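Have a look at the structure below before the remarks.
FYI, it's all coordinate maths here, none of it is from the lab. Values in this document were obtained by computation on a predicted structure and should not be read as measured data. Every residue, glycine among them, receives a Cβ derived from its backbone with ideal geometry; neighbour counts consider all protein chains shown.
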Amino acid sequence: TVGAVAIDSAGNVACATSTGGLTNKRVGRVGDTACIGSGGYADNIVGATSTTGHGESIMKVVLARLILYHMEQGKSPEDAADVALNYMKTRVGGLGGVIVVSSSGDWAARFSTKQMAWATVKDDQLQSGIFTGE
Amino acid sequence: MKPVIVVHGGAGRIFKERENGSRSGVTRAALKGYNILKQGGSALDAVEEAVVVMENDPHFNAGCGSVLNEKGEVEMDAIIMDGKNLTSGAVSAVKCIANPIKLARLVMEKTDHMLLTDQGALAFARAMGVPEVPGETLITERSLERWKKNLEADSNPQEFQKDLG
C-alpha cells in the first residue's frame, strides 16, 4: 500500500491511498483502502490521514477517522496516531501504520508493525525512515 | 500556511535488499508532491502525484508491483479525498489500469458517487478515456515469486500476517 497526505498554502488538506491489497487474497476481497474513513480521511477542520496494514482490522476500527476523532479531542497527530494504532492492536489484534498532517501543519508517521517506509518535506527539509525511531 | 507533505510506502515487511529502493521511492514521491505545493499547487494534486510516483515504482504494493490474488491476478483499490469539502472518490478491484488513484479522482470529480468497483469501474474508466494496460505489465517478477511462495504457505495464516497489505 502507498499513501500521501498534504496541506497546501491555502490551508487545504487532502489524502490519497492506493494498494494491490493482501498477498494471495481471495478474488473480490476489498480491504480498507477504498473505504472512506478506513483507508484515508481528510477534513480541513482537523487534518488528513492515510493508513496501511491489515485491512480487515483497519476497517473494524475505521482507523483514519478514529485518528482525526482523537485530534478533534485535542491530541497531537503523533499521540492520536499512537492511541488509534494501539486501540486497533488491543481490540482486534491488527497491526498497521499511518501518516497524518494536521490543519496547523504538524505531521506524524507512526506504525505498530516493525517497518514502514515514509518520507516528509516541510520547510524544504526532507526526512525519511523505515524503522521505529528513525 | 507552509505546505507539508507526508507519504508512506506501506507497513509490510521490507527485506534488506529492498530498503534502499523503498527509501528512495518514498523520497521521490514526497519531493514530487512538495514541488507541486511549493509552486502553489493544491494538496489534492500533490497527494495524487505523489501516489502516482509510488504506483509506478515496482518496489511498492500498488500499481506496478501490486501483489497478486489467489488466481495470480492484480486487483487494485484506491481512494482520494479533498478536505475542503469532504468530497471523495474510490475504486476497488480494478485491473489493467496503471494508476488507480487517477481513476479514483475521476470518480470524485466526474460522478455523484463515492466508490465504483470491478466491471463498473472499468466501464467508467473506458468512458473517461483512461487507457488500459495489459495486466502483465503490472506484475513484477517479485510479486509473482511471492504469489507462488504464498500458495505453498497457504496453510499457515501467520505467513500472511508478515506481508501486510
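Simple spin-label estimate for A:GLU72 and B:THR87 gives 2.3 nm between the two label positions (7 Å along the Cα-to-Cβ direction from each Cα).
For the protein assembly as shown, a simple Cβ point-charge model (Lys and Arg +1, Asp and Glu -1, everything else neutral) yields a dipole of about 320 debye relative to the Cα centre. Axis of helix A:77-92 versus longest Cα principal axis of chain A: the two differ by about 10°, to the nearest ten degrees.
Taking 31 Å as the limit for the C-alpha separation, the pairs A:LYS122/B:LYS149; A:LYS122/B:LYS84; B:LYS16/B:LYS38; A:LYS60/B:LYS95 exceed it in the case of A:LYS122/B:LYS149; B:LYS16/B:LYS38. When the Cα convex hull of segment B:1-153 is projected onto planes of every orientation, the mean area is 10.0 nm².
For B:MET128, A:MET88, the sequence from fewest to most other C-beta atoms within 10 Å is B:MET128, A:MET88. The angle separating the long axis of helix A:63-72 from the principal Cα axis of greatest extent in chain A is about 30 degrees. Out of A:MET88, B:GLY65, B:ILE36, whose Cα points farthest toward the positive end of the dipole of the protein assembly as shown (charges: +1 Lys, Arg; -1 Asp, Glu; placed on Cβ)? Ranked along the dipole, the leading option is A:MET88.
As a footprinting exposure proxy, order B:ILE79, A:ILE67, B:ILE97, A:ILE130 by other Cβ within 10 Å, with the fewest listed first.
Ordered from fewest to most neighbouring Cβ atoms within 10 Å, B:ILE79, A:ILE67, B:ILE97, A:ILE130 come out as A:ILE130, B:ILE97, A:ILE67, B:ILE79.
A simple spin-label model places the labels of B:PHE15 and A:GLU56 2.6 nm from each other, with each point 7 Å out along Cα-to-Cβ. Over chain A, Cα pairs under 8 Å with separation of 6+ residues give a relative contact order of 20 percent. Dipole magnitude for chain A: computed about the Cα centre from +1 point charges on Lys and Arg Cβ and -1 point charges on Asp and Glu Cβ, it is near 760 debye. Positive end of the dipole of the protein assembly as shown, charges at C-beta (+1 Lys, Arg; -1 Asp, Glu), about the Cα centre: which of A:ALA64, A:GLY53, B:THR111 has its Cα farthest in that direction? Toward the positive end, the furthest listed residue is A:GLY53.
What translational diffusion coefficient, in µm²/s and rounded to a whole number, does the Stokes-Einstein relation yield for the protein assembly as shown at 25 °C and a viscosity of 0.890 mPa s, taking the hydrodynamic radius as the Kirkwood radius over Cα pairs? Result for D is 135 µm²/s. Rounded to the nearest 20 debye, the dipole magnitude of segment B:62-133 is 220 debye, with +1 charges on Lys and Arg beta carbons, -1 on Asp and Glu beta carbons, and the Cα centre as origin. The shape of segment B:83-138 can be summarised by an equivalent ellipsoid whose semi-axes, obtained from the alpha carbon gyration tensor, come to 21, 11, 9 Å from longest to shortest.
Structure remark: mean-square fluctuation, Gaussian network model of chain B, C-alpha springs under 10 Å; the largest value among B:LEU106, B:LEU151, B:LEU31 belongs to B:LEU151. Its residue count N fixes a reference of 2.2 N^0.38 Å for segment A:26-134, and the Cα radius of gyration divided by that reference is 1.02. Residues whose amide H lies under 5 Å from that of B:VAL4, counting only those 5 or more places away or on a different chain, are A:ILE7; hydrogens are built 1.01 Å from N in the peptide plane.
Across segment B:63-140, the mean sequence separation of Cα contacts (distance under 8 Å, 6 or more residues apart), normalised by length, yields a relative contact order of 34 percent. Here A:LYS75 is the anchor, and the aspartates and glutamates within straight C-alpha reach of less than 20 Å, apart from those fewer than 8 places off in the same chain, are A:ASP43, A:ASP106.
Projecting the Cα atoms of A:VAL100, A:GLN115, A:ASN44 onto the dipole axis of chain A, where Lys and Arg carry +1 and Asp and Glu carry -1 at the beta carbon, places A:GLN115 farthest toward the positive end. Across chain B, the relative contact order, built from alpha-carbon pairs under 8 Å that are at least six residues apart, equals 20 percent.
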